[in-house]
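Report on one structure; see the data block that follows.
FYI, it's all coordinate maths here, none of it is from the lab. If you're wondering where the values come from, they're calculated on a predicted model, not measured in any experiment. As a convention, Cβ positions derive from the backbone with ideal geometry for all residues, glycine included, and neighbour counts pool all protein chains shown.
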Amino acid sequence: MTDKSKFTQPIYHDEDADSSYIEDKTVAVLGYGSQGHAHAQNLDDSGVDVVVGLQEGSSTRKAVEQDGLRVATPVEAAAEADIVSVLVPDTVQPAVYEAIAPELDAGDTLQFAHGFNIHYGQIEPPTDVDVTMVAPKSPGHLVRRNYEAGEGTPALIAIEQDYSGEAKQESLAYAQAIGCARAGVLQTSFQEEVESDLFGEQAVLCGGVTSLVKHGFETLVDNGYSPEMAYFECLNELKLIVDLMYEGGHAEMWNSVSDTAEFGGLTRGDRIVDENVRENMEEVLEEVQNGEFAREWITENQAGRPSYEQRRDAEMNHQIEDVGGRLRSLFAWADEDEETETPEAP
Ligand code: NAD
Ligand code: MG
Ligand code: MG
Ligand code: MG
Ligand code: MG
């Protein structure tokens, strides 16, 4: 058993949660996508009364009914619920919130799985409700699959507003009901969750990694190496390296590669990602902290996403996509139905 006292903060498990804070309540799960389908089914299996909120004409309604759950419009669902779990895409949450806001009674809970709209003021709930977060640190299909296997997925909880005085107990009970307290629940704040999430996906996970891969690929190709070789060395093998880091940290990765790779990496790595990169990271973090990134993304959506679409196109048309697509089609793994699991989709 892991020694919990070695962490810098408490980690909550089933024994810390009290299901009485949720068992007599009705939860409206708005949206039935990655997170929504997992929360709704796990809550239902845990004996909690669930109603899924989807628009009248939504093609997803059939799936909800096939899974044996009740479905209503988001407004109807919110009207009967004590806890409204907002699991529609972040960009549509403000509009959905406007519609359901009149249905929030004093003491109800407005709950999120990501804090963007609360933290950046796109949703401003009344003062007489609880505003909470229960955010599994994994995509929904794993939240569901782990639950069914009797296991759990770690999650974050956060309390933005505690009108009832019971927001934390209720969040822990919700986290337990979706299976997360089996694995471990950490408490954070909306601010910390949002800022660290945005920074991580921009600087390291999504933005940083793809940029590093493209620069590596281009450097080899521009110096006369074949695109196929460049693809294997700079993209394909990344998965093997990340798998080792995921299993056993940097130590396991360094132990598993050749001594030559280890010496070369240890002496050259910090020359590639150097102090300039660190300064750029500070800048990107500042834009997250001061709201500049949020404003840019909100404006971008209001304008119909012109810059997003253009950058997306450029990314899809990069040479690495072309050569990668052709190479992947040669190999069996591309055809296998087996999903390549990501521990967390940012
Ligand atoms: P998703 O895109 O997978 O699903 C969204 C669902 O909302 C779909 O069922 C869609 O039909 C429905 N929907 C869309 N517009 C709607 C509307 N106007 N009214 C009602 N329903 C509508 O979303 P997701 O990835 O599950 O994200 C939900 C929340 O969970 C977000 O806040 C996200 O940041 C957070 N989150 C996601 C993950 C993840 O791995 N996907 C992980 C942690 C947190
Ligand atoms: Mg209500
Ligand atoms: Mg409540
Ligand atoms: Mg090699
Ligand atoms: Mg994110």
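Once each part is reduced to its C-alpha centroid, what is the distance from the range 208-279 to the range 108-131 in angstrom? Between the Cα centre of the range 208-279 and that of the range 108-131, the gap is 40 Å.
Using equal-weight Cα scatterers in the Debye expression, the normalised intensity of the range 118-205 in log10 at q = 0.19, 0.22, 0.26 Å⁻¹ is -0.92, -1.08, -1.21. Diffusion of the range 4-188 by Stokes-Einstein, at 37 °C in a medium of 0.692 mPa s and with Rh set to the Kirkwood radius over alpha-carbon pairs, works out to 204 µm²/s.
Tell me, rounded to the nearest percent, the portion of alpha carbon pairs in the range 225-315 spaced more than 16 Å apart.
Values: 3056 of 4095 pairs.
So the portion of pairs separated by more than 16 Å is 75 percent.
Of all DSSP bridge pairs formed entirely within the range 4-188, close to 25 percent run antiparallel.
Please work out how much length the chain gains when fully extended from Val242 to Gln289, using 0.36 nm per residue of separation minus the C-alpha to C-alpha distance, in nm with one decimal.
Working: separation 47, 0.36 × 47 = 16.92 nm, distance 2.83 nm.
That works out to 14.1 nm of additional length.
Our note on the geometry: Cα centres of the range 147-163 and the range 44-63, 20 Å apart. P(r) tail, the chain: Cα-Cα pairs separated by more than 33 Å, 38% of all pairs. Computed from the C-beta positions of Asp67 and Met316, the FRET efficiency with R₀ = 35 Å rounds to 0.55. If the segment from Val277 to Glu148 were pulled out straight at 0.36 nm per residue, it would be longer than the present Cα-Cα gap by 42.2 nm.
Sum -39500 (n - 2.57) across every DSSP H segment of at least 4 residues in the chain, then divide by the residue count to get the 222 nm mean residue ellipticity, nearest 500.
Details: 16 runs with 169 residues, N = 346.
Result for the chain, helices only: -14500 deg cm²/dmol.
Of the GluC sites (Glu not before Pro) found in the range 1-90, the ones in coil according to DSSP and having at most 12 other Cβ atoms within 10 Å of their Cβ are Glu56.
At most 12 other Cβ atoms within 10 Å and a DSSP loop assignment: could you name the GluC sites (Glu not before Pro) in the range 230-338 that fit? Loop-located and lightly packed - Glu336, Glu338.
If both residues of a DSSP beta bridge must be in the chain, then about 25% of such bridges are antiparallel.
Rounded if a/c is under 1.5, else prolate if a/b is larger than b/c, else oblate: which is the range 33-97, with a ≥ b ≥ c the root eigenvalues of its Cα gyration tensor? It is rounded, given that a/c, with a ≥ b ≥ c, falls under 1.5.
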